[in-house]
1. With 183, 194, 142, 158 as the choices, which residue is over 23 Å from residue 300 (Cα atoms) and open to solvent by less than 60 Å² (accessible area, probe 1.4 Å)?
2. Can you report the number of residues in region 169-180 which are open to solvent by less than 30 Å² (accessible area, probe 1.4 Å) and either aromatic (Phe, Trp, Tyr) or more than 17 Å from the chain's Cα centre (by Cα) (or both)?
3. Do you know which of the residues in region 356-396 that are among the hydroxyl-bearing types (Ser, Thr, Tyr) and under 26 Å from the mean Cα position of the chain (by Cα) is farthest from residue 413 (Cα to Cα)?
4. Among the candidates 26, 56, which residue alone is more than 30 Å from residue 287 (Cβ to Cβ) and open to solvent by less than 50 Å² (accessible area, probe 1.4 Å)?
5. If the Cβ limit is 6 Å and pairs must be 6+ apart or interchain, which residue in region 123-151 that is under 16 Å from residue 187 (Cα atoms) pairs with which residue that is open to solvent by 10 Å² or more (accessible area, probe 1.4 Å) and among the aromatic types (Phe, Trp, Tyr)?
6. For the list (1) open to solvent by 20 Å² or more (accessible area, probe 1.4 Å); (2) touching a His at 6+ places or on another chain (Cβ under 7 Å); (3) more than 30 Å from residue 35 (Cβ to Cβ), I need the number of the one condition that residue 364 fails.
7. Counting just the residues of region 100-118 that are open to solvent by less than 70 Å² (accessible area, probe 1.4 Å) and over 18 Å from residue 67 (Cβ atoms), which one comes out farthest from the chain's Cα centre (by Cα)?
Amino acid sequence: MADLDVPPQVPQSKTRDLDKLLLRNGNLVDPGFFPGPDLRDDIRDYVRILVVGAGGLGCELLKDLALSGFRNLDVIDMDRIEVTNLNRQFLFRLEDVGKPKAEVAAKRVMERVSGVEIVPHFSRIEDKEIEFYSDFNIIALGLDSIEARKYINGVACGFLEYNEDDTPKRETIKPMVDGGTEGFKGHARVILPGVTPCFECTIYLFPPQVKFPLCTLAETPRNAAHCIEYAHLIQWEAVHRGKTFDPDEPEHMKWVYDEAIRRAELFGIPGVTYSLTQGVVKNIIPAIASTNAIISAACALETLKIVSACSKTLVNYLTYNGGEGLYTEVTKFERDTDCLVCGPGILIELDTSVTLSKFIEMLEDHPKLLLSKASVKHGENTLYMQAPPVLEEFHRPKLSKPLYDLMGRVQKDTIHVFGTALKNNEKESCSTKVRVVFKGADGVADMDTAIGA
């Protein structure tokens, strides 16, 4: 039998599937899509993505983004690996217990995906300077905390600037892709500040945290959660008067766990574990690996669509339910045009003689802000920082100077303020924009927008 001519086999490209999206046109592409090798190479060489969170969803996000052609990634997480993480956070091993999640996750992905560079940050998101977040093209969120989402949302919206007609400047938009899971349910959303609803615009989508009556905790506990909350809310204050409980401090959490164990034994209640203590105190929601994988895939795809325009982005909220069969739905939510976070900012009229110190006091008294311990920034210039002490001392001489002079004697402009606000009887870190108009400056007429009005 004559030998058949067999064509030589062509090795398959590692980016074959990615090339199908980036190297050719299509019917669903965005108007700004320009296919070609240059686009693929630019994504690889120049786009920087920050992944916030290296837990169940964050591990999936790092892996998916690395396999989607992104080569410059950063990941930030303040937690260390625990044994209870190993059933769903697949990048971690038993020998990694006790190590920082961000560092181990970055190391494992770089071992498996050639060419990718991942910079880990083992720290709190609040500990990073605001400028740190400005270096990234997109921020991808893999968080299990509403408070952390609100903080990152405030940071990203803080970069947003508006034109004179209150339309957002496109070059100042810092896109976010947010994913979240709870059991067999999950969501993925695209947040383009000033264009789509920010997290604060749709805060009503998140149910309030369950609160237990104090009388039940103190007198008739019926389950393990009651014992944990008794130790957390009642015993901590009784024993550590004036000392703030820090849920991210292992010694504090261990103390609550030990107290909850004693409380449970007293009433014959089983089920108090350290992982449950963390879940109750920090309001951690349950996670399932398959749900994380599905939501991560949606987030990674949206990230690719934003940077490449290879397809129109999600508009703007995807919900997934895998509890009974498979159900997905996309809902278009509307922006809150009066949102204090992603909107143009609260308008405040000031005399040109008002000092920076007086202005900071006004922020605390303003009914829509109630912002205490505020730091103030104008453009690239930091006017005042509350912390750390060395920076506070450096900026302190500015407190007695007129804000008008510190802002370069402009008639009106936007400044960014960062501090803590009391919401639902709890202090939260927040940031917002304030549009300042100076009375008496050239070209500015009197307005009925006095502070506190």
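1. Among 183, 194, 142, 158, only 158 is over 23 Å from residue 300 (Cα atoms) and open to solvent by less than 60 Å² (accessible area, probe 1.4 Å).
2. Qualifying residue count for the region: 1.
3. 372
4. 26
5. Partner pairs satisfying both residue conditions: 146/206.
6. Among (1) open to solvent by 20 Å² or more (accessible area, probe 1.4 Å); (2) touching a His at 6+ places or on another chain (Cβ under 7 Å); (3) more than 30 Å from residue 35 (Cβ to Cβ), the lone unmet condition for residue 364 is (2).
7. 104
Conditions tested, residue by residue: (1) of a type in the set (Gly, Ala, Ser); (2) more than 21 Å from residue 126 (Cα to Cα); (3) open to solvent by 40 Å² or more (accessible area, probe 1.4 Å).
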{"position": "61", "(1), (2), (3)": "no, yes, no"}
{"position": "65", "(1), (2), (3)": "no, yes, no"}
{"position": "72", "(1), (2), (3)": "no, yes, yes"}
{"position": "78", "(1), (2), (3)": "no, no, yes"}
{"position": "81", "(1), (2), (3)": "no, no, no"}
{"position": "89", "(1), (2), (3)": "no, yes, no"}
{"position": "98", "(1), (2), (3)": "yes, yes, no"}
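The values are calculated or read from the model by the stated rules, or taken from the named source; none is laboratory data. Everything numeric in this text was worked out from a predicted model, so none of it was measured. Reconstructed Cβ throughout: ideal geometry from the backbone, glycine too, with neighbour counts over all protein chains shown. Side chains are part of the model used for accessible areas, which takes the heavy atoms of the whole protein and leaves out ligands, DNA and RNA. Shrake-Rupley method; radii C 1.70, N 1.55, O 1.52, S 1.80 Å.
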